[in-house]
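Working notes, beginning with the structure itself.
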Amino acid sequence: MKRGNAWLAMVLAATAAAQEKKALPLSLTKAVEIATAPDGAARVRLATEAVKQAEARKDQVRAALLPNVDASYTYRNFTNNLQAFGFTFSRIPGFQISPFIGPLGVSDYRATASQSIFDLSAIRRYQASRLQVSASKSEESVALNQTKGAVAKAYLNAVRSEAELDAARANVALAERLLRQAQSQKEAGTGTGIEIVRAQVTLANEKQRQIVAEEDRKSSYLQLLRSMNLELAFEPELTDRMEYTPAEIPEPAKALAAAQELRPELKAQSERQRSAQLNYDAAKWERLPSVQAFGDYGTIGETSVNLLPTRTVGVTVKVPVWDGGRRDARRAESASLLRQEGIRTRDTSQQVELEIRLAIEALKSAESQVVVATEALGLAERELAQAERRFGAGVATGLEVTDAQTRVSRARENKVSALFRQKAARVDLGVAVGNIDMVLQ
């Protein structure tokens, strides 16, 4: 029995240890560093693999321009009929010449090589593949920029949820204090029972908001950990707080000029368009003749001790004449792909401009919201203080205090929301310009 109880205690202890959250001190900068590490966010890792894939494709295309060397061994056992090749033998009295030869066994050890001397189409394809590698590297920068922005937004959302929970706790504490005040007034004979009930209803509502805020904080923690590609068992301990830092709002023209230099999306799309142009040139130059050198060297003989050397050296000039329209179809397809990339280039440029203008307008609005929300919170707190003094002096009812309390609660929530919008707008602007690191410093 004692052994069973000991085993049960061990199981319960192990379960408790497994369920225990692992603390993880985390700043905004550290969160971004973890997400952009080699084993970090999935988006970054996939972009890195895409670069490796593009490099492998480039090597495959380059192989058409490099020497091709093969080694082979062939053993043949055969018979032939010389009459099949047009040989006939006159009959000689006393002699009979058979037209059949064999069976013979021949071994052939041989090395063959070929080298492209001139193939403009293959050269253009190789140049296009190199641009695809460069475009993939730019796409990797796109993934880094977007991942930093997404993790920064997730971190700020977690900070916002903590600030909202703090505000909810402060509102609960305020509601409890006002409930005690209403009970004291009732006991002193200057209050009424309905004022106590009203304070209890307000306290219940604030507790319900606190429960929602706690759930929101836990959800934001999980979203943050998922965006960083970390175990969900961690318990983040955020070191940053929802504090106001004035932001510099750039002129749209300057921001657009900076984005032309910094946004990796624009560079990647430009390289994809140039690659499409080279692929179109490759399809167009398929009509040109191509030149290839070839040769082989080996030994051949009936037995391994009776081998004779042989060789072949030559040049092939291939002149395209007619292939059933395949070249024309490839040229039409590559021309269509080139036009598509041109459309994407214009669309990407317009999208970048839209993102910058929206981020600037959002930042302007958020800055104003923070100022107004801060002022509104100060006024609401002053109103509540005056309402409490009037209620304590018996010249006002508890309804006036409850109304003022509600306005303080909403003002706190509005300030947290305004601060979050301001910080999120800064992140969006950094991503839109392509310089998110300036915001993270």
Discussion item. Whether any residue in region 145-160 is hydroxyl-bearing (Ser, Thr, Tyr), under 30 Å from Val352 (Cα atoms), buried (at least 19 other Cβ atoms within 10 Å of the Cβ) and in contact with a helix residue (DSSP H, G or I) (Cβ under 8 Å, 6 or more places away or on another chain) is what I want to check.
Written reply: yes
Worksheet item: Which residues, counting only those in region 25-49, are within 15 Å of the chain's Cα centre (by Cα), among the small types (Gly, Ala, Ser) and buried (at least 18 other Cβ atoms within 10 Å of the Cβ)?
Response: Ala35, Gly40, Ala41, Ala47
Worksheet item: If you scan region 114-151, which residues turn out to be farther than 22 Å from Ala276 by Cβ and touching a strand residue (DSSP E or B) at 6+ places or on another chain (Cβ under 6 Å)?
Response: Ser114, Gln115, Ser116, Ile117, Phe118
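Taking the stated definitions as given, is Asp347 among the acidic types (Asp, Glu), touching a Lys or Arg at 6+ places or on another chain (Cβ under 9 Å), loosely packed, with under 15 Cβ neighbours inside 10 Å and part of a helix (DSSP H, G or I)? I'd like the intermediate steps shown before the answer.
Working: among the acidic types (Asp, Glu): yes; touching a Lys or Arg at 6+ places or on another chain (Cβ under 9 Å): no; loosely packed, with under 15 Cβ neighbours inside 10 Å: yes; part of a helix (DSSP H, G or I): yes.
In short, no.
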Worksheet entry | Inter-residue pairs, beta-carbon under 9 Å, first surrounded by 11 or more Cβ atoms within 10 Å (Cβ to Cβ) and in region 319-340, second of a type in the set (Ser, Thr, Tyr), 6+ apart | Pro320/Ser290; Arg331/Tyr280; Ser334/Tyr280; Ala335/Tyr280; Leu337/Tyr280; Leu338/Tyr280
Worksheet, complete the sentence: Every listed condition ((1) closer than 23 Å to Ala268 by Cα; (2) part of a strand (DSSP E or B)) holds for Glu49 save (2)
Discussion item. Please count how many residues of region 386-420 are of a type in the set (A, V, I, L, M) and surrounded by fewer than 18 Cβ atoms within 10 Å (Cβ to Cβ).
Written reply: 4
Discussion item. Go through region 201-229 and report how many residues are modelled with pLDDT of 90 or more and either of a type in the set (S, T, N, Q) or more than 30 Å from Val370 (Cβ to Cβ) (or both).
Written reply: 10
Worksheet entry | Meets criteria (closer than 30 Å to Ala143 by Cα and without any contact (Cβ under 8 Å) to a residue 60 or more places away in the chain) for Glu271 | no
Practice prompt. Would you mind stating whether Tyr244 is assigned to a loop (DSSP other than H, G, I, E, B) and surrounded by 15 or more Cβ atoms within 10 Å (Cβ to Cβ)?
Written response: yes
Worksheet item: What are the residues in region 271-305 that are under 30 Å from Asp323 (Cβ atoms) and part of a loop (DSSP other than H, G, I, E, B), if any?
Response: Leu288, Pro289
Item to complete: Find all pairs meeting these conditions: Cβ atoms under 7 angstrom apart; at least six residues apart or on different chains; first residue within region 45-65 and within 18 Å of Val142 (Cα to Cα); second residue acidic (Asp, Glu) and at pLDDT below 95.
Response: Ala47/Glu139; Ala47/Glu140; Thr48/Glu140; Ala50/Glu139; Val51/Glu140
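A quick yes/no check of all residues on (1) within 27 Å of Leu28 (Cα to Cα); (2) at pLDDT below 90; (3) among the acidic types (Asp, Glu):
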position	(1), (2), (3)
Gln350	no, no, no
Glu388	no, yes, yes
Gly392	no, yes, no
Val401	no, yes, no
Gln405	no, yes, no
Asn414	yes, no, no
Arg421	yes, no, no
Discussion item. Suppose we filter region 278-319 for residues that are polar (S, T, N, Q) and either closer than 30 Å to Asn435 by Cα or at pLDDT below 90 (or both); how many remain?
Written reply: 3
Worksheet item: Thr147 is checked against (1) at pLDDT 90 or above; (2) hydroxyl-bearing (Ser, Thr, Tyr); (3) more than 38 Å from the chain's Cα centre (by Cα) and fails just one. What number does that condition carry?
Response: (3)
Discussion item. Restricting to region 168-178, count the residues that are out of contact with any Ser or Thr (no Cβ under 8 Å at 6 or more places or on another chain) and of a type outside the set (Lys, Arg).
Written reply: 5
Worksheet item: Only one residue in Ala366, Ala387, Ala380 is among the small types (Gly, Ala, Ser) and without any contact (Cβ under 8 Å) to a residue 24 or more places away in the chain. Which one?
Response: Ala387
Worksheet, complete the sentence: Given the conditions (1) under 34 Å from the mean Cα position of the chain (by Cα); (2) under 30 Å from Gly295 (Cβ atoms); (3) among the polar types (S, T, N, Q), every one holds for Ser107 apart from (1)
Worksheet entry | Per-region count, region 67-111, residues surrounded by fewer than 13 Cβ atoms within 10 Å (Cβ to Cβ), free of Cβ contacts under 8 Å to residues at least 40 places away in the same chain and out of contact with any Asp or Glu (no Cβ under 9 Å at 6 or more places or on another chain) | 24
Discussion item. Going by what's in this entry, would Leu308 be described as hydrophobic (A, V, I, L, M, F, W, C), more than 30 Å from Ala247 (Cα to Cα) and assigned to a helix (DSSP H, G or I)?
Written reply: no
Practice prompt. Count, please, the residues in region 274-312 that happen to be closer than 20 Å to Ser141 by Cβ and of a type outside the set (Gly, Ala, Ser).
Written response: 1
Worksheet, complete the sentence: Of Glu187, Glu164, Glu176, the only residue that is in a helix (DSSP H, G or I) and buried (at least 19 other Cβ atoms within 10 Å of the Cβ) is Glu164
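The values are calculated or read from the model by the stated rules, or taken from the named source; none is laboratory data. Predicted, not measured: the structure shown is a model, and the values here were computed from it. Glycine also receives a Cβ, built like all others from the backbone with ideal geometry; neighbour counts cover every protein chain displayed.
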